[in-house]
1. Just the accessible area for PHE682, please: 1.4 Å probe, Å², rounded to the nearest 10?
2. Tell me, what is the FRET efficiency for ALA444 and THR145 to the nearest 0.05, using R0 = 30 angstrom and their Cβ-Cβ distance as r?
3. I need the peptides 323-334, 256-267 ranked by packing, meaning the mean over residues of other C-beta atoms within 10 angstrom, with the highest value on top.
4. Enter the accessible area per residue of segment 276-369 (Å², integer; probe 1.4 Å; all protein chains in place).
5. What's the extension gain from MET794 to GLU173 if we count 0.36 nm per residue and subtract their Cα-Cα distance?
6. Kindly identify segment 282-348 as rounded, prolate or oblate by the Cα gyration tensor criterion: order the square roots of the eigenvalues as a ≥ b ≥ c, call it rounded if a/c is under 1.5, otherwise compare a/b with b/c, prolate if a/b is larger, else oblate.
7. What is segment 542-647 by shape, rounded, prolate or oblate, if you read a ≥ b ≥ c off the alpha carbon gyration tensor as root eigenvalues and call it rounded for a/c under 1.5, prolate for a/b larger than b/c, and oblate otherwise?
8. Between MET890 and VAL659, what length in nm is gained on full extension when 0.36 nm per residue of separation is reduced by their alpha carbon distance?
Amino acid sequence: MMLRPVCQLEQSEMNEMSRPSSPELSLNPDDTQLCLPLRILSSGVAMTELAFRRRMDESGGKIEDVDERRLNRVAYEYLCRLLQVRIWLAECLKDEQIVNVNELEENLRNGVLLARLAHSFAPEVVPLKGVFDVKQERFQQNENTPVYRHSDNIMQWRRAMESIHLPEIFIPETADVFEGRNQKTVFCLCALATLLHRLRKAPPMRNVAGQAKFHKYRILMPNLDDELSEMKLNLKDSKLPEFGDVGSLLTGRRENADLQARAIETIRDAVKSKDATELVKALKSSEAGIEFVEENLAEEYLVKLTSVDEVEFTKPFVQRIVVETNNESALEKLDRALGTDDGEQLLHILDVLQFDDVRPTALLLYSTLLQREKKNSGKSLDREKVAEIIAVANALVEVRVAVDHGSSEDVLLALRHPALQLNPSPNNARLYYNRIRKEYESKAEGEFLTRNELEFFLIEYDDISADKRQVLELKAALANKDDEAVLSFLKTSTFAEIVIEQNSEFYITKLKKKIEMIYFQPTSLEELGEALRDVNEETGRAFSHLDTLIRLNKAMTVDHESSVRLNLVSLGTSMKSDAFRRELLHWYIQRLIKESQHRLAQVEPRNELEKKWLHFDFEFGTVWAETVTLHRSTVPMEPVDESYFTWEEIERMLDEEDVNFDEYYKTNEQQVVKSQKNLRKFLEQKRKKQMEARQKSMEQAALTIQNHYKSYRNRKDLELLKSAEKPSLSLVRKFVKNLPRSEVSTSDEFEVAEMKSNVAQLMAANRQLDANLVELDEKIGLLIKNRLNLEEVMAHRDKTAEAADAFSMRAISMRKRDKLPLSTLEQLFFYLQTQPAHLANLIEARGKKGLDDLINDVICPIFGFLSDNREQFLMVRMLCELITRDVEKMNRLEELPTTNCVQTVAQFFTSR
């Protein structure tokens, strides 16, 4: 048998447990030697566990009080004892047809099983033919009621137990067994099993409390839920025997001194004759009373007993030799077995070491603890250390059993087990219970918390404050669905100002969600108070949504589109519904009004005196409101207003309209796209007009602000000029232009203008002379090359000289100026200077041809031949405009030197 965690029940098997089946047990082919006990164990333990858990479910999942859980624990443990007895009887009798656990006590009344058991360990006292009604046919014919002769079976069983010297304190009266008062009978069978195992006349009875569930079984107890309730009722006023005291009570059992002396003499004779077979036979005799005799160690017994004096040959001495021999052999095997996963071998070794309470469910735990101790100590284990480890492991198992099937007091008692050496505080018993229970929810069956983990939990709550204890107990009540305890906690003075009684159910829902996320993590009362405030806010928001929903329904019934639009937008936006798309409002409104009118036609006319309600679901539950007075409630109210739609129904219609629109869009996509394009164009034009109007308005406002500011600054500067004794030069310059103009100033301006005109004429004449000289140079060159005669060259020279003389003698004519007012030319030149786009267009249209003449004859005069900084700046702006245009037309950077703008700039600066 391999050591492994216990298997979980499959869902199909859980379903099978709810219906009756035949009493057959299906075999597990993996465990051939232990198939009988495991088959019986798998059925009984699973049914017992399932009954207990079903019982918890039927109670509504609420945590029970301490008395109720204590009674559950007692009933569960007693059912487990019955199951242990049933398993043990099946092993001893090699009979799988033992009655169910819920029928076992009643079946013991006929004494058939008891007499058959007596025959198995004392055949000389109870022969099989002496058992009345072996097949229980008479018992069944009599409607499962024993007849008088069945009492003979009970008496024979009693005599068999007396023959092996079972203490009378265990043996029940015949009348008690016959009449069905069999709690003591079960206790007696547990003691008998322990004694018979010590005498090696029967297999051990294994403790199955908290045992795992094995699959591959059939149910023998379909009504165990009722049995658990009945067992609790039967045991309510009963005091069960202390089953754990069996071992100590068996230690001092009395025996017949004469018979024991003759048995010891027989042992001595077998030792003298060195007959190992006879020695084992003598040792196992009932008269000798020697316990724990192992047949496979007969030779070792013989060797040790041969070397002693006859004076020491007493029963205590022989018993000590047997125990020492067993221990030496078992400890050697234990060293070898700890390196393997052979659970069956470990189980046998622990039996040889005389441990009565070896639990199959804890084999993996035994192995783990023993291996760890051996590794830490670095040497082989002695029996005392093994006993200590077994006691610790069993105590850990008891902690889990107490958590699964007991109360906080049971857990506290389990934690106080001497083997664990813990010091739990009674004040924290409920915290221990809840904490350990939460830990076991994430562990599989057959897994146990270690002692260090339990110690950590105890230390965690050692110095806990009263507030934190209160918070943790609240968390436990929420986890265990004890709503009454939660509400009682919320009504304390701590939260009196926050808690609204009608929101109680919502508080519980909120706190449960919070607990699921941070279970047993640090949480303060302030955080819980904040959670309660969140519930109040969410509840108020839900009622607000419900009021909007009622107004929406009212608007739908009266076909008020604007009101439907307003309330639907409000509700859809605040709810952040995925179904709500603002662009489909028109579709939604038409559909909602149509559906509302259709529903109104189907329902009966509304009675104005009758109150009807509408509900709204939100995160923590459901709120209700009366559709006329808007009276609010957090509990379900009736009758429901069938003419109104819930938000879920409205969302469903919105979803349908979304789908309809998507389908319509796919069908008419081109038309929709065209319409959207026209709409976007219209909206863009409208936007541009609005932007232009806004820009114009802003410019006008800016101009107004500037004018007012200038007026303000002028007033301030004028006041400063008047009041200052020595005004600054910059301040004086601001007002120079306002001084009255004299004739001298006017003449000076005319003189400056005339000088600028002369400069312009001279520059034009110089350019003309430069051109004539270039032409003269060309003709001289042609003359030298005999391509032109001397007369033509001289004629050109004379022409150039005459042109220069004529230009110098020319006077300025004012007739043209009279015809074209000077102000008009000034405006034209100013416009061309400040708007470079026009000159740039001219240059681009002219191209490379005639570019030089264009610059000399047009561009330079317009910019006053760059005679001051203003004209230079404006000329640079025009050149920047040309460069910008060429850069926009470029595809590659290498094209820059060949562009028109670059050539224009080069030509301009070359000509200068």
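The values are calculated or read from the model by the stated rules, or taken from the named source; none is laboratory data. Because the structure is predicted, anything quoted here is derived from the model rather than measured. No Cβ is skipped: glycine too gets one built from the backbone with ideal geometry, and neighbour counts run over all protein chains shown. For accessibility, only protein heavy atoms count, side chains too; no ligands or nucleic acids. Shrake-Rupley method; radii C 1.70, N 1.55, O 1.52, S 1.80 Å.
1. 120
2. Details: r = 45 Å, r/R0 = 1.50.
Once the sixth-power term is evaluated, E becomes 0.10.
3. Values: 323-334: 17.8, 256-267: 15.7.
Sorting 323-334, 256-267 by mean packing, highest first, produces 323-334, 256-267.
4. Details: 3890 Å² over 94 residues.
Accessible area per residue, segment 276-369: 41 Å².
5. Details: separation 621, 0.36 × 621 = 223.56 nm, distance 16.93 nm.
206.6 nm is the gain from fully extending MET794 to GLU173.
6. Numbers: a/c = 3.13, a/b = 2.04, b/c = 1.54.
It is prolate, given that a/c is not under 1.5 and a/b is the larger ratio.
7. Details: a/c = 2.10, a/b = 1.17, b/c = 1.80.
The shape class here is oblate.
8. On the way: separation 231, 0.36 × 231 = 83.16 nm, distance 5.05 nm.
Between MET890 and VAL659, full extension yields 78.1 nm more.
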